[in-house]
Amino acid sequence: MRIATVTFNPAIDQTITLDRLIPGEVHRARSVRQDAGGKGINVASCLADWGVPVSVFGLLGQANAALFETLFAQKAIHDRFLRVSGDTRVNMKLVDDADTTDINMSGAAVEEAQVAAVEQAVADFAGPDTLIVLSGSLPPGCHPGVYADMIRTLSDRGAKVLLDTSGPALTQALRAATLPAIVKPNRRELAAWSGEPLDGLDDVVRCAETLLRRGVALVVVSMGEDGALFLSDEGAILAKLAAGPLASTVGAGDAMVAGLAAGISEGASLERIARLSTAFAVAKLGRTGPHLPSGATIDSLAGQVMIRQVAKTGPAMTGEDA
Ligand SMILES: Nc1ncnc2c1ncn2[C@@H]1O[C@H](COP(=O)(O)OP(=O)(O)OP(=O)(O)O)[C@@H](O)[C@H]1O
Ligand SMILES: [Mg+2]
């Protein structure tokens, strides 16, 4: 199975470490590092570490593309990004001993023709034996229905689409006639879509079931340290693994998406998909960037994942018609 990820809104993550952040003061940075970021890029980076060939599509500012190009070259990721004039946005993280302060830039507006060119390139890549991962937020200038449109086009070409986004882009995609084959909201994103608080596990199961009934083949709801719920016509599984020392919780969801893609591409059972994607996510928690340890370490973690079958029962609830 050929795999591609799409990132319309990549970012450079700049981490500045300080002794103590005091508003209004001049600071001397202890260290500064820059990492190529963006959800689809993180997914591709984890897949490459696992040894799965992957192509990356989207929009990249040509003025500061070198950091991305280095990552793609290091991991043999097939670079299909369209270069646009200007810079890719920079997201700043100010880290001191107490806290992390995030300053995210929205980035320059993209042009309709640029988005259309990416859509076309991905459609040309897509076919019956392909998995396309659509990840992350949309940049200014990009219409919120772009994922919904792509899901229809790509599904018509026989591709499986995995969607991981939030807000209006998620709402529009889940309202469309053609739904993605796989969707991975976190609990907060699913709650926002459904309009329900989804406090208990039962509520999450019932809400996820409404998506299964409407034709999504695999629904995965990630719940941070509470693990994740996996629902398909094979059943419902809650999977969880205690994390070791946390290096960074950023991108755990992206690593989980990479694990889903890896499992689906090997035609795995629901339980194997749950084990593998949980192992990817928890392994990533021990690292700063979107990187995985060796395959042997992942296999060992996958074997340790706690699996619990969950009853699928729920009657319809709000969100059914959303
Ligand atoms: N503290 C933790 N302990 C154990 N497992 C964790 C922890 N945090 C995350 N995970 C694992 O990672 C998965 C994905 O995490 P989470 O639900 O936070 O994703 P997310 O909100 O989509 O993250 P992001 O989009 O920022 O990458 C969880 O389902 C769980 O398996
Ligand atoms: Mg996420």
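The values are calculated or read from the model by the stated rules, or taken from the named source; none is laboratory data. These numbers were taken from a predicted model, which means no experiment stands behind them. Here Cβ is always computed from backbone atoms with ideal geometry, including for glycine, and neighbour counts include all displayed protein chains.
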For the range 173-212, give me each residue that is buried (at least 20 other Cβ atoms within 10 Å of the Cβ) and in contact (Cβ under 8 Å) with a residue 60 or more places away in the chain.
LEU174, ILE182, LYS184, TRP193, SER194, VAL205, ARG206, CYS207, GLU209, THR210
Residue identified as more than 16 Å from ligand 2 (Cβ to nearest atom) and either in contact with a helix residue (DSSP H, G or I) (Cβ under 6 Å, 6 or more places away or on another chain) or not assigned by TED's automatic domain parsing to the domain that holds ILE298 (or both) among LEU270, LEU276
LEU276
Any hit, the range 193-211, residues being under 19 Å from ALA4 (Cα atoms), at pLDDT 95 or above and either more than 19 Å from the chain's Cα centre (by Cα) or not in a loop (DSSP other than H, G, I, E, B) (or both):
no
Reported set for the range 88-106 where residues are part of a loop (DSSP other than H, G, I, E, B) and within 27 Å of ASP49 (Cβ to Cβ) is THR88, ARG89
Of all residues in the range 137-163, count the ones that are in a loop (DSSP other than H, G, I, E, B) and of a type in the set (Ser, Thr, Tyr).
1
Taking the range 251-284 only, how many residues are surrounded by fewer than 19 Cβ atoms within 10 Å (Cβ to Cβ) and either over 24 Å from THR130 (Cβ atoms) or β-branched (Val, Ile, Thr) (or both)?
1
Checked VAL310, VAL216, VAL282, VAL220 against criteria (in contact with a helix residue (DSSP H, G or I) (Cβ under 7 Å, 6 or more places away or on another chain), away from ligand 2 (no atom under 16 Å from the Cβ), outside the structural domain of ALA36 (by TED's automatic domain parsing) and not hydroxyl-bearing (Ser, Thr, Tyr)); the one match is VAL310
Residue check, GLY37 against (1) modelled with pLDDT of 95 or more; (2) touching a strand residue (DSSP E or B) at 6+ places or on another chain (Cβ under 7 Å); (3) within 16 Å of ligand 2 (Cβ to nearest atom), all met but one. Which one?
(1)
Which members of the range 161-172 meet the condition of being crowded, with 24+ Cβ neighbours inside 10 Å and either away from ligand 1 (no atom under 14 Å from the Cβ) or assigned by TED's automatic domain parsing to the domain that holds ALA4 (or both)?
VAL161
Is it true that some residue in the range 85-108 is of a type in the set (Ser, Thr, Tyr), more than 18 Å from THR5 (Cβ to Cβ) and in contact with a helix residue (DSSP H, G or I) (Cβ under 9 Å, 6 or more places away or on another chain)?
yes
Picking from VAL118, VAL110, which residue would you name as being closer than 27 Å to GLU69 by Cβ, more than 16 Å from ligand 2 (Cβ to nearest atom), assigned to a loop (DSSP other than H, G, I, E, B) and among the hydrophobic types (A, V, I, L, M, F, W, C)?
VAL110
Over the range 212-239, the set of residues within 14 Å of PRO185 (Cα to Cα), more than 16 Å from ligand 1 (Cβ to nearest atom) and in a helix (DSSP H, G or I) is LEU212
Filter the range 240-252 down to residues that are more than 7 Å from ligand 1 (Cβ to nearest atom) and either outside the structural domain of ARG188 (by TED's automatic domain parsing) or more than 18 Å from the chain's Cα centre (by Cα) (or both), then give me how many there are.
3
